[in-house]
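The values are calculated or read from the model by the stated rules, or taken from the named source; none is laboratory data. Fair warning: this is a prediction, and the values are worked out from it, not measured in the lab. Virtual Cβ from ideal backbone geometry, glycine too; neighbours counted across all protein chains shown.
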Amino acid sequence: MKDEIVILGSGGGRHHIRTQHRATGGFLFKFNGIQAHIDPGPGAMVRLTQYKEDPVKTELFVVTHAHVDHYNDINAIIESSREIIHDKNYNYYKKGILITTLEVINLIQEYHLNMLEQIVRFKAGDKLNYKGVEIVGTKAIHSPVNESFGIKFNLKEYSLAYTSDTKVFEDFSNQFSGVNILILNLLRPDSITCKRHLCTDEVIPYLNKIDPPLDCLIITHFGSYMDGPRSKRNFVPSQVNKLQEQTNIKKIIAAEDGLKLKIDELII
Ligand SMILES: [Zn+2]
Ligand SMILES: [Zn+2]
């Protein structure tokens, strides 16, 4: 299996947008020969080039909500996903499918929306079959004013989910039942809570309620308290240790900018 995850940014929130202390380009998920770019925040385009990834291969675009650290580079990513934009008569080639919220659709230029084959307005609970892979919207509780969702890919050999930005809630664990690999946006360390995001101590009991247990947890989208302008040190390694000690998950991986992970090595 050649499936892979490429971290184009392990940072989240405005301080990383400003400093790029950790990049904010989202990540690539390559599965069944399909390349998806998920949450292309500021610098996504630059990171693709920096980490020697090919934007032309992207055919699935996912933006989970209308925050700038998730959608900023989407126009550039769509435009860069084709070598030739139009024919001699200015007929634009259509390619790719965009999965996002209505709010994000309204933020993307008409010009770029017209380049896509399909635009899917998505929310928690929605399902879509894309080339034999079931894609499911998971619930996220994040901003009071912006709609948002997480996303789960059910493949034959494994299932991968991405929480997006969220708090924990009643059904948080249930919706990841059967998931092998979970990508978790973990903005803050230990017990440093935040109204709209997760911290480690809050999420641990919910991770332990996922049944059967995950094979692998990838933590990412670290905020400035975790590592950056407002943190005394990089708290990421201590959070990995804590998660290893206090959860039933076999593999805990911290995202780093440019990290490439082979799915084969993540599932048991
Ligand atoms: Zn975010
Ligand atoms: Zn957000």
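Values for this structure:
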quantity	calculated
Scan of region 198-217 for residues that are more than 14 Å from Phe176 (Cα to Cα) and in contact with a strand residue (DSSP E or B) (Cβ under 6 Å, 6 or more places away or on another chain), ordered by number	Cys199
Among the residues listed as Ile218, Ile204, the single one being closer than 15 Å to Val168 by Cα, aliphatic (A, V, I, L, M) and in contact (Cβ under 8 Å) with a residue 24 or more places away in the chain	Ile204
Residue selected from region 185-200 under the condition touching a helix residue (DSSP H, G or I) at 6+ places or on another chain (Cβ under 8 Å) and surrounded by fewer than 21 Cβ atoms within 10 Å (Cβ to Cβ), by the criterion nearest to Asp171 (Cα to Cα)	Thr193
Condition broken by Lys156, with the remaining ones in (1) buried (at least 17 other Cβ atoms within 10 Å of the Cβ); (2) among the basic types (Lys, Arg); (3) more than 16 Å from Gly223 (Cβ to Cβ) satisfied	(1)
Search result, residues across region 222-256 that are surrounded by fewer than 20 Cβ atoms within 10 Å (Cβ to Cβ), acidic (Asp, Glu) and within 22 Å of Val46 (Cβ to Cβ)	Glu256
Phe27 in contact (Cβ under 8 Å) with a residue 12 or more places away in the chain and within 16 Å of ligand 1 (Cβ to nearest atom)	yes
Filter result for the condition that a residue is within 18 Å of Lys152 (Cα to Cα) and either in contact with a Ser or Thr (Cβ under 8 Å, 6 or more places away or on another chain) or at pLDDT 95 or above (or both), over Leu102, Leu48, Leu98	Leu98
Residue match in region 131-143 (condition: outside any loop (DSSP other than H, G, I, E, B), touching an Asp or Glu at 6+ places or on another chain (Cβ under 8 Å), modelled with pLDDT of 95 or more and surrounded by fewer than 19 Cβ atoms within 10 Å (Cβ to Cβ))	no
Some residue of region 127-139 being in contact (Cβ under 8 Å) with a residue 60 or more places away in the chain and either under 15 Å from the mean Cα position of the chain (by Cα) or within 16 Å of ligand 2 (Cβ to nearest atom) (or both)	no
Search result, residues across region 181-196 that are within 30 Å of Lys156 (Cα to Cα) and in contact with a strand residue (DSSP E or B) (Cβ under 6 Å, 6 or more places away or on another chain)	Ile181, Leu182, Ile183, Leu184, Leu186
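Yes/no matrix, rows are residues, columns are (1) of a type in the set (A, V, I, L, M, F, W, C); (2) buried (at least 20 other Cβ atoms within 10 Å of the Cβ); (3) under 21 Å from Asp126 (Cα atoms):
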residue	(1), (2), (3)
Gly13	no, yes, no
Thr19	no, no, no
Ala44	yes, yes, no
Lys52	no, no, no
Ile74	yes, yes, no
